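The values are calculated or read from the model by the stated rules, or taken from the named source; none is laboratory data. Because the structure is predicted, anything quoted here is derived from the model rather than measured. Reconstructed Cβ throughout: ideal geometry from the backbone, glycine too, with neighbour counts over all protein chains shown. Accessible surface areas use protein heavy atoms only, side chains included; no ligands, DNA or RNA. Shrake-Rupley method; radii C 1.70, N 1.55, O 1.52, S 1.80 Å.
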Amino acid sequence: MTLQRVHHIVVRVKDLEQGIAAYQALGLTLERTAESAALGIKQAFFPLADGAFIEVVSPTRADSAVGKALEGRGEGIHSIVFKVDDVARAAQGMKARGVALIGEGGPQVFVHPKSSHGVLVQLTDKQ
């Protein structure tokens, strides 16, 4: 199992419109926005030339994962998502090497920040 490439980077912000403006000022083009009631977030997507993208998120609820992270750690990188061939197999290999995981066996698997020096890492097998 190998981490193939960065799939996308999630950046948490207090205000989505200000976040959009900041990334547009960097020269990125807003592709679309969305909202996930289940996750309690609003999202903005900025594609990159290599197929990866930047996802800017802001909470719609203080009790959402992003809302809690924003309260505790402020604005900044929320997670780095890596492309793998098979999430379950990658997670199994990481666990065997002592990596702490969040959501193992579920649709989303994360590497606990204590295993990656404070960075929340997510695994995906999506293109």
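In region 1-55, what residues are open to solvent by 50 Å² or more (accessible area, probe 1.4 Å), within 30 Å of residue 96 (Cβ to Cβ) and in contact with a strand residue (DSSP E or B) (Cβ under 7 Å, 6 or more places away or on another chain)?
3, 4, 5, 6
Go through 49, 100, 90 for me and flag whichever is modelled with pLDDT of 95 or more, of a type in the set (A, V, I, L, M), farther than 15 Å from residue 8 by Cβ and over 12 Å from the mean Cα position of the chain (by Cα).
Only one candidate qualifies: 100.
Restricting attention to region 84-104, report how many residues are open to solvent by 80 Å² or more (accessible area, probe 1.4 Å) and either in contact with a helix residue (DSSP H, G or I) (Cβ under 8 Å, 6 or more places away or on another chain) or not in a helix (DSSP H, G or I) (or both).
So the count comes out to 3.
Mind listing whichever residues of region 5-58 are touching a Phe, Trp or Tyr at 6+ places or on another chain (Cβ under 7 Å) and in a loop (DSSP other than H, G, I, E, B)?
28, 29, 30, 31, listed by residue number.
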